[in-house]
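Notes follow once the structure below has been shown.
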Amino acid sequence: MEKISIFDIFKIGVGPSSSHTMGPWKAVQQCLDEFSKIHEISGINSIHVHLYGSLAKTGPGHGTNKAIMLGIMGFNPATIDCEKIEDYVNGIKTLQRIIVLEKHEINFNPRENIIFRTREQLPFHSNALKVFIGFGNNEIYEDTFYSIGGGFIVKGPAHDDLDSHPLPFPIDNADDLLNWCKKNSCTISDIVMKNELEWHPENEIGHRLNSIIDTMKKSVFKGCHANGILPGGLDVKRRASYQNEKLISSSNYKSIDEWISLIKSDDHSFKETLNWVSCFALAVNEENASFGRVVTAPTNGAAGVIPAVMLFYLCFCENAKEEDLHKFLLVAGELGSIFKKGATISAAMGGCQAEIGVSSAMAAAALTDVQGGTPEEVLMAAEIAMEHHLGLTCDPIGGLVQVPCIERNAMGAMKAITASQIALASDPVHARVSLDDVIKTMWHTAGDMNSKYKETSEGGLAINIPVSVPDC
Ligand code: SF4
């Protein structure tokens, strides 16, 4: 049984893509890390990275080349100063030199050392990369990695779960989760918390949850106050700050908390509430598209759905409590892991239903839980949200995580809120489709989906709206 902590689902990092940015970043670092256990970093004389499948086809638009360079340099995606990323990358392009793990300088021409093998695919997963480290006297250290979605990487098909530590409440699917809740007369977040306590002490869990909440709020706030055109050549104008200006009643705030209090204290029409939810989601994904800091939820492309629904709860739901956000994330994270176990959270495997669909289901469940829903209602909300994303294709124009991705986060958030409301107003006993049924259906649909619609930019909007491929 695969074991996934909610902190594997929510990872603080850099946009625009968890599978195409965070995954390759981690892969080159893991490769260098393993190399350094046997050989000296100072003995390295070359590094080549070959990208295959979806990573090759949409890598330039997704910033894969930049992520690889930053990974080789040894930067941590959770702490790098996002404002300096372009300077670091331009420095390497100009000097054609790179400093490996901040220690050892070698020649590196991104156009020659990062190879996009767009016509080739490795068998295990569409997102594959091979790293070749030249060292010593013409020796080569080589490794292959697969970026399987949400920033998760594996080294090959034989991916054994090395964590043999038993969990008090093993969960493979939604049915398991519901049974544990019933047997122990407790909520979903109680069960998830007890499992997490097997891995981390309570104070560390609290600290990490706060840090995720903080990063999500900051990405919304930053996106709501940034203007200009998104990078990549598609000329997409940022809209969240324009919407924020139109919606906010005063500019008299200095911090995120003051801004949230102001939104909360204003009276809002239904239309304005809808506009705020869109604004929150657009803000995060505009940040994501500009290599800003976001949290995978469960991926970078879908990073705006959960923060938007979280802020909807805080700003617009009666009796909303900041302290309930821990429960919100525990529930959302567990739902993300159930989708990963039963289907996929990788667009290269399942199209956009695996990103926006899963994030919408996670958010619907979390919102239902903090609004007092029973475990049955929570799972029903997730089922409804996914049911209406089944078959959603991934066809990003120019391989950039911008169109349709940014608006799609707003749509995912809206569906999550609606799904939660329907579940809270229904009797789950009469539900005809269970969450496990819909996860199974999602996986079958992913299998039937043409590869054109799985993050290759070879179908859909991507071929009907021409755009020049961004510079590598
Ligand atoms: S279309 Fe959906 S799955 Fe594809 S890159 Fe955009 S957000 Fe991700």
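Just so it is clear, none of the values below were taken in a lab; they were calculated from the coordinates. Everything numeric in this text was worked out from a predicted model, so none of it was measured. Glycine gets a Cβ as well: all are built from the backbone with ideal geometry, and neighbour counts include every protein chain shown.
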What order, most packed first, do the peptides 407-414, 195-202, 58-65 have when packing is the mean number of other Cβ atoms within 10 Å of each residue?
58-65, 407-414, 195-202
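What FRET efficiency would be calculated for the residue pair GLN96, SER426, taking the C-beta separation as r and a Förster radius of 41 Å, to the nearest 0.05?
The pair GLN96/SER426 has a calculated efficiency of 0.10.
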If one computes the Cα centroid of region 359-425 and of region 292-317, what distance in Å separates the two points?
11
Relative compactness, region 16-154, computed as alpha-carbon Rg over 2.2 N^0.38 Å:
0.96
Could you calculate the contour length gain from ASN203 to THR273, that is, 0.36 nm times the residue separation minus the distance between their Cα atoms, to one decimal place in nm?
21.7 nm
How large are Rg and Dmax for region 84-157 when only the alpha carbon atoms are used, in Å?
14.6, 38
Label zone at ASN173 (point 7 Å along Cα-to-Cβ), backbone N below 17 Å, region 303-339
335-339
Taking the C-alpha atoms of region 104-251, how large are the radius of gyration and the largest Cα-Cα span, Dmax, in Å?
23.4, 67
If you average the C-alpha positions of region 62-100 and of region 178-204 separately, how far apart do those two centres end up, in angstrom?
39
Find how much the distance from GLU323 to ILE140 grows on full extension, using 0.36 nm per residue of separation minus their present alpha carbon separation; answer in nm with one decimal.
60.7 nm
Cα-based equivalent ellipsoid, region 252-341: semi-axes from gyration tensor eigenvalues, Å
23, 17, 12
Interatomic Cα distance distribution for region 337-421, bins of 10 angstrom, percent:
21, 48, 26, 5, 0
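Counting only C-alpha contacts under 8 Å and six or more residues apart, can you give the relative contact order of region 65-180 as a whole percent?
Relative contact order for region 65-180 comes out at 13 percent.
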Long-range amide H partners of ILE47 with built H, under 5 Å:
GLY134
So, R0 is 56 Å and r is the distance between the beta-carbons of GLU105 and LEU390; what FRET efficiency does that work out to, to 0.05?
0.65
Per residue of region 341-346, what does 6.51 cos²θ - 1.76 cosθ + 1.60 with θ = phi - 60° give for ³J(HN,Hα)? Whole Hz please, x for Gly and Pro, Karplus curve as stated.
6, x, 9, 7, 10, 10
Unit charges at the beta carbon, dipole of region 218-363: most positive-side option, ILE260, SER219, ALA343:
ALA343
When the Karplus curve 6.51 cos²θ - 1.76 cosθ + 1.60 is applied with θ = phi - 60°, which whole-Hz ³J(HN,Hα) does each residue of region 86-93 get, with x for Gly and Pro?
4, 5, 4, 5, 5, x, 5, 4
Using Cα pairs under 8 angstrom and six or more residues apart, how large is the relative contact order of region 174-464, in percent?
19
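At a 10 Å Cβ-Cβ cut-off, how would you order ILE98, ILE171, fewest neighbours first?
With the fewest neighbours first, ILE98, ILE171 line up as ILE98, ILE171.
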Along its principal axes, what span do the Cα atoms of region 322-472 show, with the longest given first and each in whole Å?
49, 34, 23
Using the number of other C-beta atoms within 10 angstrom as an exposure proxy, rank LEU274, LEU330 with the fewest first.
LEU274, LEU330
Subtracting the Cα-Cα distance of GLU40 and LEU461 from 0.36 nm times their residue separation yields 146.8 nm
Once you have all Cα-Cα distances for the chain, histogram them in 20 Å bins from zero and send the whole-percent values.
26, 57, 17, 0
